[in-house]
Amino acid sequence: MIWDIVGFLVFGLVVGAVARLIKPGKQDLSWLATLGLGVVGSLVGGLIASIIGSGDIFELNILGAIIAIVVAIALVGTAEAMSGKSRTS
């Protein structure tokens, strides 16, 4: 049980980091924000893969991972846009 949670958090951090690497430009996000966005992306990716019938929500599969990364990229872009608009350069 505890290892499932730890594994999910590690995968969320990996998904968030990959999303930040794929997203062009420099993102001003902390590692905690990256972890949060990656975990949310992982949840959404697992949910969509589960709905499609590719596996369970917490099961690691390639379709869920791809969807998780795509969702995390969108979340990184959204977080970047929300934080960037309020600052003056």
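Any residue in the range 11-29 that is free of Cβ contacts under 8 Å to residues at least 40 places away in the same chain, surrounded by 21 or more Cβ atoms within 10 Å (Cβ to Cβ) and not in a loop (DSSP other than H, G, I, E, B)? Looking through the range 11-29, at least one residue is free of Cβ contacts under 8 Å to residues at least 40 places away in the same chain, surrounded by 21 or more Cβ atoms within 10 Å (Cβ to Cβ) and not in a loop (DSSP other than H, G, I, E, B). Within the range 45-66, the set of residues being open to solvent by 30 Å² or more (accessible area, probe 1.4 Å), in contact with a Leu (Cβ under 9 Å, 6 or more places away or on another chain) and closer than 19 Å to ILE22 by Cβ comprises just one member, ILE48. ASP4 meets the conditions (1) within 22 Å of GLY77 (Cα to Cα); (2) charged (D, E, K, R); (3) in a helix (DSSP H, G or I) in every case but one. The failed one is (1).
Please state which one of SER30, SER83, SER54 is small (Gly, Ala, Ser) and in contact with an Asp or Glu (Cβ under 7 Å, 6 or more places away or on another chain). Give the derivation first.
Details: SER30 fails: in contact with an Asp or Glu (Cβ under 7 Å, 6 or more places away or on another chain); SER54 fails: in contact with an Asp or Glu (Cβ under 7 Å, 6 or more places away or on another chain).
None of the other options fit; the residue is SER83.
The values are calculated or read from the model by the stated rules, or taken from the named source; none is laboratory data. What you see is a predicted model; the values in this text were computed from it and never measured. For neighbour counting, all protein chains shown are included, and Cβ atoms are generated from backbone atoms with ideal geometry for every residue, glycine included. When the accessible area is computed, the model is the full protein with side chains, heavy atoms only, and any ligands, DNA or RNA have been set aside. Shrake-Rupley method; radii C 1.70, N 1.55, O 1.52, S 1.80 Å.
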